[in-house]
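One structure is given here, and the rest of the page talks about it.
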Amino acid sequence: MKPGTIVGGRYIIRRVLGKGGMGVVYLAEDTRQPGLRVAVKQMSLSATDATAHDQAVLQFRHEAEILSTLHHPSIPEVYEWFEEHEEYFLVMEFINGKELSTFVDLSGRRPPAWLPTIEQVVDWGCQISIVLAYLHNQKPNPVVYKDLKPDNLMLTSDNTIKLLDFGIAKSLSPQGRYSTILKGVGSPGFAAPEQYARQQSDPRSDLYALGGTLYALLTGHIPEDGVDRQQAVIDGHPDPLVSLSTLAPDTPRALETIVRKLMAVRKGDRFQRTEEVLRALESIRDGRDERGLRVVSKILVNLLRPQRDETSTPVESATTPIKRLVSSRLDEHAFRTVAAAMRDAAAGDEIRIRPGHYPESLVIDKRVHIVGDGRPEEVVIEGTDTHALLMAGEEATVRSLTLRAGPLAASPAVEVKTGKLTIENCHLTSASLAAVHVHGAGAEAVIRGCRINNGAEAGILVDDHAHAIIHDCDIVDNHFAGIEVSEKAVVEVTHCTIRGGNGAGVLIHGEARGTFENVDIAETATCGV
């Protein structure tokens, strides 16, 4: 569907969020509840065979019916589903976050590019166990999810796990038979062996997939397929699943034991109830096991990059992201440049910058948080002959900084070429080009609580299919336009003030789109929009 299409008489389609075998998921706005963003799933009806078509419709309705009965913080709420022009739509809560698969390289390279910390994996495992226990204890019929894997688990900004895509979930009747006969066996490496055979799947099948998910997050490898493992055992050969102790030797013994039991080939050898898994993981998280995480956490803090100099920067806490202090003054406990701290940082680290002036041009190519340790005007990063900051990774956050490009830079102060950059409570300015330039289909910027001024061109320029969310910002005295959107880009602007300048407050052209709510535009030389 094209952006701007209205379905259900109320939902305006904005952009594609994702595609899969079951259909396409769009970001949309509810015109009856201004400001409410929803996810609209359009079922794929590519099957030409009448039986296959009917089964696809049945599967769609089944997903909608299951989700409508479930109410849990880790499960998206379903608002409605409907048929329109022989198309089927499911309207759900929009979840803003990242799939767990984006936090780990599952390409099989050794070593993986980077991995979550063991603390994070254990916490995620606890959260997944809680929502699985909720599903498995549904009355009168337990719900078996059947497709647990990192791609179907989303992490929100408040570190909450959300379980996505119930397309092949099934309800188990008290007689041991599923209430539907839908196709779908799960995903190779994560699906239990019985999901491929004539055996009945049950909650223990989800526990196998939980083990596979933890295995992948800990090692960066997709586990050996369950059917191949089962056949090897039947043939009298060793289990081909490579042990955690081989791929991730620093994994605590207790955690390895849990994963091994979860991934047992025979259902009878696994944990029999999800609550047992939760208690076992909580014992590691809370340090009650003799080999628990709290005991070894200081050793594990930098296990992903053992080649680094462990004394190069202080660790404030073994249970929080490492803070790498940067100071413009002589300080034996801090880096002298932000770039040096960036080179040494691991994914997920926080780089805290003390007040000062830093004539640097930063390139962000890893998931980090860069935070000014003071008011934005006290912490200044200035690109003298190019940008102050270039986003070229997957995701990062910058907060409480002044980012500016000087008159000789011929660059924006902040340039987002790929990935998602969140900018909060910053002062952004450029004496040469736009203060912020977001461009490219894979580029997204979230700009909150910032002051954007004195851009030699636009304050914020979004083009070439990029996406930007701008909230609670003061955009003032920019030469060409406060916000310029072009070349099929999309912006969402709320609670902003746009003042002054020699051009328009907002300029939209080249098939670009924008939504604006509570935006105050005044004192511009030409037009507001």
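Which of the residues that make up the range 486-513 are open to solvent by less than 30 Å² (accessible area, probe 1.4 Å) and either at pLDDT below 90 or within 19 Å of Gly442 (Cα to Cα) (or both)? Of everything in the range 486-513, those that are open to solvent by less than 30 Å² (accessible area, probe 1.4 Å) and either at pLDDT below 90 or within 19 Å of Gly442 (Cα to Cα) (or both) turn out to be Ser486, Ala489, Val490, Val491, Glu492, Gly500, Gly501, Gly503, Ala504, Gly505, Ala512. Among the residues making up the range 235-287, those that are farther than 20 Å from Ser201 by Cβ and among the acidic types (Asp, Glu) are Asp235, Asp239, Asp250, Glu256, Glu282, Asp286.
Within the range 463-494, how many residues are farther than 27 Å from Arg375 by Cβ and part of a loop (DSSP other than H, G, I, E, B)? Lay out the reasoning, then the answer.
As a first pass, look at the range 463-494 and keep what is farther than 27 Å from Arg375 by Cβ: 463-467, 480-481, 484-492.
Cutting the leftovers down to part of a loop (DSSP other than H, G, I, E, B) gives us 464-466, 480, 486-489.
So the answer is 8.
Taking the criterion of being in a loop (DSSP other than H, G, I, E, B) and either under 11 Å from Gly212 (Cα atoms) or at pLDDT 60 or above (or both), the residues of the range 181-196 that qualify are Gly186, Ser187, Pro188, Gly189, Phe190, Ala191, Ala192.
Of the residues making up the range 373-390, those that are open to solvent by less than 10 Å² (accessible area, probe 1.4 Å) and within 17 Å of Glu350 (Cβ to Cβ) are Val379, Ile381, Leu389.
Screening Leu325 against (1) at pLDDT 90 or above; (2) in a strand (DSSP E or B) leaves a single unmet condition, (1). Each residue in the range 119-133 was checked for being open to solvent by 10 Å² or more (accessible area, probe 1.4 Å) and under 23 Å from the mean Cα position of the chain (by Cα), and 5 pass. Candidates in the range 156-167 are the residues that are open to solvent by 20 Å² or more (accessible area, probe 1.4 Å) and either of a type in the set (A, V, I, L, M, F, W, C) or within 20 Å of Gly348 (Cβ to Cβ) (or both); of these, the one that is modelled with the highest pLDDT is Lys162. Among the residues of this structure, Val40 does not count as one that is out of contact with any helix residue (DSSP H, G or I) (no Cβ under 8 Å at 6 or more places or on another chain), part of a helix (DSSP H, G or I) and hydrophobic (A, V, I, L, M, F, W, C). Taken as a whole, the structure leaves Gln120 outside the set of residues that are touching a strand residue (DSSP E or B) at 6+ places or on another chain (Cβ under 6 Å), under 27 Å from Gly287 (Cα atoms) and not basic (Lys, Arg).
For every residue, the table says whether it meets (1) over 19 Å from Ala28 (Cβ atoms); (2) of a type outside the set (S, T, N, Q).
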| site | (1), (2) |
| --- | --- |
| Asn454 | yes, no |
| Ala466 | yes, yes |
| Val493 | no, yes |
| Ala504 | yes, yes |
| His509 | yes, yes |
| Phe516 | no, yes |
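Taken over the range 420-462, the criterion of being under 23 Å from Lys2 (Cα atoms), assigned to a strand (DSSP E or B) and open to solvent by less than 20 Å² (accessible area, probe 1.4 Å) is satisfied by Val438, Ala443, Ala445, Val462.
Results for (1) farther than 17 Å from Leu153 by Cβ; (2) modelled with pLDDT of 90 or more; (3) open to solvent by less than 50 Å² (accessible area, probe 1.4 Å); (4) part of a helix (DSSP H, G or I), shown as yes or no for each residue.
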residue: Ala52; (1), (2), (3), (4): yes, no, yes, yes
residue: Leu58; (1), (2), (3), (4): yes, no, no, yes
residue: Glu65; (1), (2), (3), (4): yes, no, no, yes
residue: Tyr79; (1), (2), (3), (4): yes, yes, no, no
residue: Phe89; (1), (2), (3), (4): yes, yes, yes, no
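Mind listing whichever residues of the range 224-253 are part of a helix (DSSP H, G or I) and either crowded, with 19+ Cβ neighbours inside 10 Å or in contact with a Cys (Cβ under 7 Å, 6 or more places away or on another chain) (or both)? Once the filter is applied, which keeps residues that are part of a helix (DSSP H, G or I) and either crowded, with 19+ Cβ neighbours inside 10 Å or in contact with a Cys (Cβ under 7 Å, 6 or more places away or on another chain) (or both), the range 224-253 yields Gly226, Arg229, Leu244. Got at least one residue in the range 391-405 being more than 26 Å from Leu155 (Cα to Cα), open to solvent by 10 Å² or more (accessible area, probe 1.4 Å) and not in a strand (DSSP E or B)? Among the residues of the range 391-405, not one is more than 26 Å from Leu155 (Cα to Cα), open to solvent by 10 Å² or more (accessible area, probe 1.4 Å) and not in a strand (DSSP E or B), which makes the answer no. Taken together, the residues in the range 134-144 that are free of Cβ contacts under 8 Å to residues at least 24 places away in the same chain and under 26 Å from the mean Cα position of the chain (by Cα) amount to 0.
Only residues that are among the hydrophobic types (A, V, I, L, M, F, W, C) and at pLDDT below 90: list them for the range 26-46, please. Before the answer, list the steps.
Narrowing the range 26-46 to residues among the hydrophobic types (A, V, I, L, M, F, W, C): 27-28, 36, 38-40, 43, 45.
Those that are among the hydrophobic types (A, V, I, L, M, F, W, C) and at pLDDT below 90: Met43, Leu45.
The requirement of being crowded, with 22+ Cβ neighbours inside 10 Å, touching a residue at least 12 places away in the same chain (Cβ under 8 Å) and either closer than 21 Å to Phe103 by Cβ or touching a His at 6+ places or on another chain (Cβ under 7 Å) (or both) is satisfied by Pro412. The numbered conditions (1) modelled with pLDDT under 90; (2) outside any loop (DSSP other than H, G, I, E, B); (3) not charged (D, E, K, R) are all true for Ile351 except (1).
The values are calculated or read from the model by the stated rules, or taken from the named source; none is laboratory data. From a predicted model like this one, the values you see are computed outputs, not experimental measurements. All Cβ positions, glycine included, derive from the backbone under ideal geometry; neighbour counts span all protein chains shown. Each accessible area value is taken on the protein alone, full model and side chains, heavy atoms only, with ligands, DNA and RNA left out. Shrake-Rupley method; radii C 1.70, N 1.55, O 1.52, S 1.80 Å.
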